[in-house]
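The structure under discussion appears below in the form of structure tokens.
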């Protein structure tokens, strides 16, 4: 198995970038399109545990669009073969001084493209 094939890395980076843009602009439609639409998809957030795409979509639809801007640090994308990848990043928000957010995503290539199948978001003190 090849780790970090440059072509696959570029594909996952593009999907990750699209997710980040959709997140900070509250583009709920794109966020939904980038998660696998299945009951097995999981997202652990800062204050919620979401099981299945329906719970994730409902959370996104009800989330406030205020205060979503953030700065990323130390983003690491690793690909394993052609169809599996992880993306990990730290983030900071001006609205949360002294805190650092952590985000991890598991991405899988499906026939329709790269989709997040599991995600974890948490915030800790610096």
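The values are calculated or read from the model by the stated rules, or taken from the named source; none is laboratory data. All of these numbers come straight from a predicted model, not from anything done at the bench. All Cβ positions, glycine included, derive from the backbone under ideal geometry; neighbour counts span all protein chains shown.
Contact annotation: residue pairs with Cβ atoms under 9 Å, 6 or more positions apart or on different chains, pairing a residue in region 109-126 that is at positive phi and assigned to a strand (DSSP E or B) with a partner that is surrounded by fewer than 16 Cβ atoms within 10 Å (Cβ to Cβ) and at pLDDT 95 or above, are 113/33. Only one entry in 100, 116 is in contact with a strand residue (DSSP E or B) (Cβ under 9 Å, 6 or more places away or on another chain), under 19 Å from residue 52 (Cα atoms) and either modelled with pLDDT of 95 or more or surrounded by 13 or more Cβ atoms within 10 Å (Cβ to Cβ) (or both), namely 116. Within region 45-58, if we keep just the residues that are in contact with a strand residue (DSSP E or B) (Cβ under 7 Å, 6 or more places away or on another chain) and surrounded by 15 or more Cβ atoms within 10 Å (Cβ to Cβ), the residue that is modelled with the lowest pLDDT turns out to be 45.
Among the conditions (1) within 14 Å of the chain's Cα centre (by Cα); (2) surrounded by 15 or more Cβ atoms within 10 Å (Cβ to Cβ), the only one that residue 21 does not satisfy is (2). Do you know which of the residues in region 71-89 that are buried (at least 16 other Cβ atoms within 10 Å of the Cβ) and without any contact (Cβ under 8 Å) to a residue 60 or more places away in the chain is nearest to residue 38 (Cα to Cα)? The extreme case among them is 84. For region 15-31, give me each residue that is part of a helix (DSSP H, G or I), free of Cβ contacts under 8 Å to residues at least 24 places away in the same chain and within 20 Å of residue 71 (Cβ to Cβ). Selection gives 17, 18, 21, 22.
Here residue 87 does not fit the description of being at negative phi and more than 15 Å from the chain's Cα centre (by Cα). The conditions of being touching a strand residue (DSSP E or B) at 6+ places or on another chain (Cβ under 8 Å) and in contact (Cβ under 8 Å) with a residue 12 or more places away in the chain are met by residue 34. Scanning region 40-55 for residues that are in contact with a helix residue (DSSP H, G or I) (Cβ under 8 Å, 6 or more places away or on another chain) and farther than 15 Å from residue 108 by Cβ returns 45, 48, 50.
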